[in-house]
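Chemist: Pasting in a structure now, in structure tokens, and then I'll have a few things to ask.
The values are calculated or read from the model by the stated rules, or taken from the named source; none is laboratory data. Not measured: the values here are computed from a predicted model. Cβ sites come from the backbone with ideal geometry, for glycine too, and all protein chains shown count toward neighbours. Just the protein is used for accessible areas: all its heavy atoms, side chains included, with ligands, DNA and RNA removed. Shrake-Rupley method; radii C 1.70, N 1.55, O 1.52, S 1.80 Å.
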Amino acid sequence: QREISMDQFDRLRKTREFTRHFLPEELVLDSWEKMAPWFQELETRPVESPQQLEKWLLDLSELRAAIEEEEAVRYIRMTCHTDEVQLEQAYLYFVEHVRPNVERASFALNRRYVHCRARTALSPQRYFVYDRARETEVRLFREENLPLKVEDEKLAQRYQKLYGEMTATFEGRELTLPQLHKILEEPSRGIRREAWCAAVGRQLRDR
């Protein structure tokens, strides 16, 4: 991956394609404490008509997008700079202390939507897939799965860190494994074999 500076990344982050209507434009949802009031607002807001429900769905979508953006930013920073302990810790903090709370709150909102009377008045053609997804999420949610998902994500992060730091020598050049994988498309079988052996040999060192 091409490395970019933090300043460049922050400038890119502030370039939004869509204007916010529910959340303050400059709000950065970097902790559960900042997210909780917005989930609470959606949990307690009166939703009695199809129009109110559609506005509620739009606001919920905006909240989820903002949270996903924050998590994606932390993930990209971590994978672009695998040697930065602070960035690694920032991502793991989100995984361990933010995401479980978000999933609990999202479950409560999904359940509210599924049982909302106004839902029956929405267009079935437009909302069929959305309805099916929310009903499935409500049916499958289990509190005991949350710590398992955290551990799974932490293992994935550890793998990304190990893999992102790997380089191997090929034809006198030090290349990352993604760069070596591009060479596997070369017509020459000998070149492909040499690149494959270099990549696999490097992975075996951390096996």
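Chemist: Of everything in region 62-85, what is open to solvent by 40 Å² or more (accessible area, probe 1.4 Å) and of a type outside the set (D, E, K, R)? Give them in sequence order.
Modeler: 65, 72, 75, 76, 85
Chemist: Go through region 157-200 and count every residue that is β-branched (Val, Ile, Thr) and touching a residue at least 24 places away in the same chain (Cβ under 8 Å).
Modeler: Within region 157-200, the subset β-branched (Val, Ile, Thr) is 167, 169, 176, 183, 191, 200.
From what is left, the residues that are touching a residue at least 24 places away in the same chain (Cβ under 8 Å) are 167, 169.
So the answer is 2.
Chemist: I would also like to ask the following. Looking only at region 99-134, filter to residues that are among the polar types (S, T, N, Q) and surrounded by fewer than 17 Cβ atoms within 10 Å (Cβ to Cβ); which one of those is farthest from residue 43 (Cα to Cα)?
Modeler: 125
Chemist: Still on this structure, please answer the following. Please verify whether residue 148 is open to solvent by 80 Å² or more (accessible area, probe 1.4 Å) and either in a helix (DSSP H, G or I) or modelled with pLDDT of 95 or more (or both), treating the condition exactly as stated. Let's see the steps before the verdict.
Modeler: On the way: open to solvent by 80 Å² or more (accessible area, probe 1.4 Å): yes; either in a helix (DSSP H, G or I) or modelled with pLDDT of 95 or more (or both): yes.
Here the answer is yes, as residue 148 does meet what is asked.
Chemist: Considering 96, 88, which residue is in a helix (DSSP H, G or I) and open to solvent by 50 Å² or more (accessible area, probe 1.4 Å)? Steps first, please.
Modeler: Numbers: 88 fails: open to solvent by 50 Å² or more (accessible area, probe 1.4 Å).
Only one candidate passes the filter, namely 96.
Chemist: Can you find a residue that is part of a helix (DSSP H, G or I), surrounded by 13 or more Cβ atoms within 10 Å (Cβ to Cβ) and touching a Phe, Trp or Tyr at 6+ places or on another chain (Cβ under 7 Å) anywhere in region 163-174?
Modeler: Taking every residue of region 163-174 in turn, none turns out to be part of a helix (DSSP H, G or I), surrounded by 13 or more Cβ atoms within 10 Å (Cβ to Cβ) and touching a Phe, Trp or Tyr at 6+ places or on another chain (Cβ under 7 Å).
Chemist: In this structure, does residue 186 turn out to be under 30 Å from residue 56 (Cβ atoms), surrounded by fewer than 15 Cβ atoms within 10 Å (Cβ to Cβ) and out of contact with any Pro (no Cβ under 8 Å at 6 or more places or on another chain)?
Modeler: Working: under 30 Å from residue 56 (Cβ atoms): no; surrounded by fewer than 15 Cβ atoms within 10 Å (Cβ to Cβ): yes; out of contact with any Pro (no Cβ under 8 Å at 6 or more places or on another chain): yes.
Spelling it out, it is not the case that residue 186 is under 30 Å from residue 56 (Cβ atoms), surrounded by fewer than 15 Cβ atoms within 10 Å (Cβ to Cβ) and out of contact with any Pro (no Cβ under 8 Å at 6 or more places or on another chain).
Chemist: Can you say whether residue 153 is among the acidic types (Asp, Glu), under 19 Å from the mean Cα position of the chain (by Cα) and not in a strand (DSSP E or B), as far as the supplied structure shows?
Modeler: yes
Chemist: Can you tell me which residue among 42, 87 is in contact with a Phe, Trp or Tyr (Cβ under 8 Å, 6 or more places away or on another chain) and of a type in the set (A, V, I, L, M)?
Modeler: 42
Chemist: Which of the residues belonging to region 137-155 are acidic (Asp, Glu) and over 20 Å from residue 88 (Cα atoms)?
Modeler: 137, 143, 144
Chemist: Ok, one more. Within region 112-145, restricting attention to residues that are part of a helix (DSSP H, G or I) and among the polar types (S, T, N, Q), which residue is farthest from residue 101 (Cα to Cα)?
Modeler: Filtering first and then ranking leaves 125.
Chemist: Now a separate question. Out of the residues in region 48-61 that are touching a helix residue (DSSP H, G or I) at 6+ places or on another chain (Cβ under 8 Å) and assigned to a helix (DSSP H, G or I), which is most open to solvent (accessible area, probe 1.4 Å)?
Modeler: Among them, the one singled out is 52.
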